[in-house]
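Have a look at the structure below before the remarks.
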Amino acid sequence: MVPAANDLTESVDLPPRADLGTDREAVAALGGFEPGDPRGPVTESDRATLAVQLGRPARGLVSIAARCVCSRPLVVRTAPRLEDGTPFPTTYYLTHPVLTAAASTLEAAGVMREMTVRLTRDDELAAAYLRAHELFLASRAELGRVPEIAGISAGGMPTRVKCLHVLVAHALAAGPGVNPLGDEALALAISARLWSPQRCWCAAKAVAGLDL
């Protein structure tokens, strides 16, 4: 079974914030995860894997935005309006149970609060986060414009952090250097050994139901 966030929180050792600059460089250098093709087809195998990862069929699925080294989905790109007409601002959606648990663990450790405070004190970080917000909106607009969510991105962008899952998903889909706080969250997950882009965690964490 994949460990729940509260099963991991007690044992995780987060690196000091002073080390985050080095960790961001490590994320950029490591690579290892397989970028998805935003225009590529979604296979029936992808759909079956996503149903297991999410516990339900994927909604509004457009493409696989990032893949594990084993080629299974990590992040999906989702339409801005779901099949039932519901507006859906979260274009990039984290699906892999291990990464989802890692993001939840970081949230439980207070990472979001610290990041939000830093946004009020670090003009350079705030400007980079604003750019990430704008790029997120531009990417979603490629899939169609939905008036109900105009100007609204996700994850708290551009002024606060309220969901690391979204920021991690955006960072994986867009690549290093686009979403600074998504990159930092990935760096923390890597440093704490909650996930690594160079290793398949599907078999390692025995994701139930996957044909391993």
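Annotations for the structure displayed:
- Table column - 3J(HN,Hα) (Hz), region 72-86, Karplus curve with 6.51, -1.76, 1.60, x for Gly and Pro: 6, x, 10, 9, 10, 9, 10, 4, x, 9, 6, 4, 8, x, 6
- Length gained when the stretch Arg56-Ala203 is fully extended (0.36 nm per residue, less Cα-Cα span): 50.9 nm
- Near Gly60: Cβ cut-off under 12 Å, other residues only, Lys/Arg at +1 and Asp/Glu at -1. The net charge is +2.
- Scalar couplings 3J(HN,Hα) for region 108-123, obtained by applying the Karplus form with A = 6.51, B = -1.76, C = 1.60 to θ = phi - 60°, are 5, 7, x, 4, 4, 4, 5, 5, 5, 4, 5, 4, 7, 10, 10, 4 Hz; x denotes Gly and Pro.
- Theoretical FRET efficiency, 1/(1+(r/R0)^6), r = Cβ-Cβ of Ala126 and Thr86, R0 41 Å, to 0.05: 0.85
- In this simple spin-label model, placing a label point 7 Å from the Cα along the Cα-to-Cβ direction at both Ala141 and Ser71 gives a separation of 3.6 nm.
- Extension reserve of the Ala79-Arg160 stretch, reckoned as 0.36 nm per residue once the Cα distance is removed: 26.8 nm
- Amide proton proximity set for Ser63, modelled H, under 5 Å, gap of 5+: Arg77
- Spin-label model, Glu134/Val117: points 7 Å from Cα along the beta carbon direction are separated by 2.9 nm.
Just so you know, all these numbers are worked out from the coordinates, no wet-lab data involved. Because the structure is predicted, anything quoted here is derived from the model rather than measured. Methodologically, a virtual Cβ is constructed for each residue, glycine included, from the backbone with ideal geometry; neighbour enumeration extends over all protein chains shown.
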